[in-house]
Amino acid sequence: MSRYPAWLTDRSASAAAEGYEDPDAARLALRRLASSVTVLTVSRDGVRHGTTASAVVTLSRDPLVLGACLRPTSTFAGMVRRAGRFSVNVLGSAQQDVARRFANPSRPLGDAQFDGFDWTTDPLTGAPLIVGSLAHMACRVLGWHQVGDHDMLLAEVTGGSHTVDSPMLSFAGRMHSACVTPTASVSASPSEVAS
């Protein structure tokens, strides 16, 4: 028995592949990738800015490198291109209000967008660190790559801190408060298993 689906190995199975190749079905399938919800923050010439992002991924563990997908025309992307550094706030399950604030395109600019939230200053980047976040990371920009309609920002993680709590996840186009339960039968992370 083949370990691959028949439509991959049998060229006569074109009927099964037709529905599979539907762009709308592929888009819905892609939305099933759960990811952390983060607020990326930056400070440049005394101006602070934040934006909600769920497309932030670990790319390398040695050195520590992450990738973040951004709209090229976003205020955050423009500021980070000039600042060369930024911070990542990984949101906990109770921070829906934080995620919504920084996803709102009509939020005020500058420090006013942080009103109502406690925050401190990242000693490495100068960017706001939102109190109550699951983790904070200081990042130094390594480069940019255009990928379709977004730019992939590559950055080295130069510092960080974390707490023990449940994460907020983006799944199927919505935010979800997650209750994380370790799987006893798997001792390695998926990235370690895949390598």
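Yes/no matrix, rows are residues, columns are (1) open to solvent by less than 60 Å² (accessible area, probe 1.4 Å); (2) within 19 Å of VAL47 (Cβ to Cβ):
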site	(1), (2)
ALA83	yes, yes
ARG100	no, no
GLY110	yes, yes
PRO123	no, yes
GLU156	yes, no
MET168	yes, no
SER177	no, no
Residues of segment 112-121 that turn out to be part of a loop (DSSP other than H, G, I, E, B) and either hydroxyl-bearing (Ser, Thr, Tyr) or buried (at least 21 other Cβ atoms within 10 Å of the Cβ) (or both), as a count: 0
Can you list residue pairs whose Cβ atoms sit under 8 Å apart, with the first residue in segment 124-143 being assigned to a loop (DSSP other than H, G, I, E, B) and the second being among the charged types (D, E, K, R)? Count only pairs 6 or more apart in sequence or on different chains. LEU124/ARG85; THR125/ARG85; GLY126/ARG85; ALA127/ARG48; ALA127/ARG85; VAL131/ASP118; GLY132/ASP118; LEU134/ASP165
Hey, among the residues in segment 125-136 that are within 17 Å of GLY92 (Cβ to Cβ) and either among the charged types (D, E, K, R) or in contact with a Phe, Trp or Tyr (Cβ under 9 Å, 6 or more places away or on another chain) (or both), which one's most open to solvent (accessible area, probe 1.4 Å)? VAL131
Give the residues of segment 70-79 that are in contact with a strand residue (DSSP E or B) (Cβ under 9 Å, 6 or more places away or on another chain) and over 16 Å from GLY110 (Cβ atoms), sorted by residue number. LEU70, ARG71, PRO72, ALA77
When segment 144-174 is examined, which residues are found to be assigned to a strand (DSSP E or B), under 17 Å from GLN95 (Cβ atoms) and modelled with pLDDT of 85 or more? SER161, HIS162
Sort out which residues of segment 42-57 are at pLDDT 90 or above, assigned to a strand (DSSP E or B) and open to solvent by 50 Å² or more (accessible area, probe 1.4 Å), and write them in order of number. ARG44, VAL47, ARG48
Please tell me if ARG61 is at pLDDT 90 or above, more than 24 Å from GLN146 (Cβ to Cβ) and not polar (S, T, N, Q). yes
What's the number of the condition SER106 fails, among (1) at pLDDT 90 or above; (2) of a type in the set (Ser, Thr, Tyr); (3) open to solvent by less than 90 Å² (accessible area, probe 1.4 Å)? (3)
Counting only residues that are under 16 Å from SER133 (Cα atoms) and more than 18 Å from the chain's Cα centre (by Cα), how many does segment 98-114 have? 1
If you check SER87 against the conditions, is it surrounded by 13 or more Cβ atoms within 10 Å (Cβ to Cβ), at pLDDT 70 or above and in a strand (DSSP E or B)? yes
Pairs only if they're at least six apart or on different chains, beta carbon under 6 angstrom, first in segment 59-75 and surrounded by 15 or more Cβ atoms within 10 Å (Cβ to Cβ), second not in a strand (DSSP E or B); list them, first residue then second. CYS69/ALA55; LEU70/ALA77
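The values are calculated or read from the model by the stated rules, or taken from the named source; none is laboratory data. Being a predicted model, the structure only gives us computed values, none of them experimental. Heads up, the Cβs are rebuilt from the backbone with ideal geometry, glycines too, and the neighbour counts pull from every protein chain shown. Just the protein is used for accessible areas: all its heavy atoms, side chains included, with ligands, DNA and RNA removed. Shrake-Rupley method; radii C 1.70, N 1.55, O 1.52, S 1.80 Å.
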